[in-house]
Amino acid sequence: MSTESHLRLIWLYPDLLSTYGDRGNLLILARRADLRGLPVECHEVRADHPVPTDGDVYLLGGGEDGPQALAAQRLANDGGLHRAVERGATVFAVCAGYQLLGQSFFAKGSKYPGLNLIDIDSDRGETRAVGELAGETHPALGLPTLTGFENHGGRTHLGPGVKPLAKVTTGIGNDGQSEGAWNGRILGTYSHGPALARNPAIADLLLRWATGLNMEPIDDRWPTALRNERLTAIAR
Ligand code: GLN
């Protein structure tokens, strides 16, 4: 952790990338860190501000095509996220935020360069993927079943430099087979919901990556009830 051992959580570009309650990911991370007695600072960095390079966890949400293209361009010009990743910062990105971390993505019918921070590439799907998303998570991550809500036109292909977050059991995710991707301390997903409210174990994984500390179990009755409600609804 950085300055005076506060965990610095940076939510990038809330003015461009914030659909389907993705702000909740920041709140969940801060709350779960706080419950473990970790002092936290939350920073919301708008697209006309420089990206701080000393964050511990960077969050990117989903967005419509226009804001997504603008966000990718500004992040590339700024360079701060790249420098943070070089320092070993943790990154959690959802949907549009996930796509723009890769080589390229489609928005408004055109191909845009991504940030090349993870080995994924996104193109256009023939249909929009809209609805519940669930999958069996990669065994190396030690996570329970992924649950979420997806709404995207793009399809994402994983290169050899990344592993999938999950194998899809409901919905589309990357391509109907796999969902999300991770490498090192960067993790991307198509799951909204917000993702960390529906998958608190992912929040704890990110906190572990960022701090190197094991996260003590906490009272998860409410998130467990939410997860079970959604998983039961999907199974019907
Ligand atoms: N614009 C992207 C797509 O449709 C991402 C959508 C989103 O973030 N919900 O694929």
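Read the figures in this text as sums done on the coordinates, not as results from a lab. These numbers were taken from a predicted model, which means no experiment stands behind them.
Just check segment 1-79 against the gyration tensor rule for me: Cα atoms, a ≥ b ≥ c as the square roots of the eigenvalues, rounded for a/c under 1.5, and otherwise prolate or oblate depending on whether a/b exceeds b/c.
Oblate.
Which whole-number percentage describes the relative contact order of the chain, with Cα contacts under 8 Å and a sequence gap of 6 or more?
19
Which whole-number percent gives the relative contact order of segment 171-219, counting Cα pairs below 8 Å spaced six or more residues apart?
It comes to 20 percent, rounded to a whole number.
Percent of alpha carbon pairs in the chain separated by more than 33 Å?
In whole percent, the long-distance tail amounts to 10.
Using θ = phi - 60° and the Karplus relation 6.51 cos²θ - 1.76 cosθ + 1.60, list the HN-Hα couplings for segment 143-154 in order, rounded to whole Hz, with x at every Gly or Pro.
10, x, 3, 7, 10, x, 10, 10, 7, 8, x, x
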